[in-house]
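The values are calculated or read from the model by the stated rules, or taken from the named source; none is laboratory data. Predicted model only: the values in this text are computed from it and were never measured. FYI the Cβ positions are ideal-geometry reconstructions off the backbone, even for glycines, and counts take in every protein chain you see. Side chains are part of the model used for accessible areas, which takes the heavy atoms of the whole protein and leaves out ligands, DNA and RNA. Shrake-Rupley method; radii C 1.70, N 1.55, O 1.52, S 1.80 Å.
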Amino acid sequence: MTDPARTPLSPKKLLKTKWTAVRPVNKEKHFLVIAVVEPEPPEAPVVDIDLQAVHSGRVQRIAWRTLTDAAVWKRGWV
């Protein structure tokens, strides 16, 4: 069976994925990808996603590649 933590990330498959912040800030530890931001022009690669904190509901826009940094993010809710 494939370990999802080791599966390469694809921006097209990030919608509704769950993430845990390694160092929570303001009790915001668990996050959900609520949108993959469509690029302009449409042929350009996806760069940003909208990430919502489960605890507060706050939404932040980040570069999706930030999620590949294991020092900052863990895949799933840990």
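Couple of notes before you dig in:
- For the peptides 13-23, 68-78, the ranking by packing is 13-23, 68-78, with the highest mean count of neighbouring Cβ atoms within 10 Å listed first.
- Accessible-area composition of the chain, carbon plus sulfur, in percent [1.4 Å probe]: 56
- Environment charge of Gln52, counting only residues whose C-beta is closer than 15 Å and scoring Lys/Arg +1, Asp/Glu -1: +3
- Å² of accessible area per residue within the chain, as computed with a 1.4 Å probe and no ligands counted: 72
- In a fully extended conformation the segment linking Arg23 and Gln60 would gain 11.7 nm over its present Cα-Cα distance, using 0.36 nm per residue.
- Spin-label model, Ser10 to Val47: label points 7 Å out along the Cα-to-beta-carbon direction sit 2.3 nm apart.
- Normalised by the number of residues in the stretch 22-78, the average gap of Cα pairs under 8 Å and 6 or more apart makes the relative contact order 32 percent.
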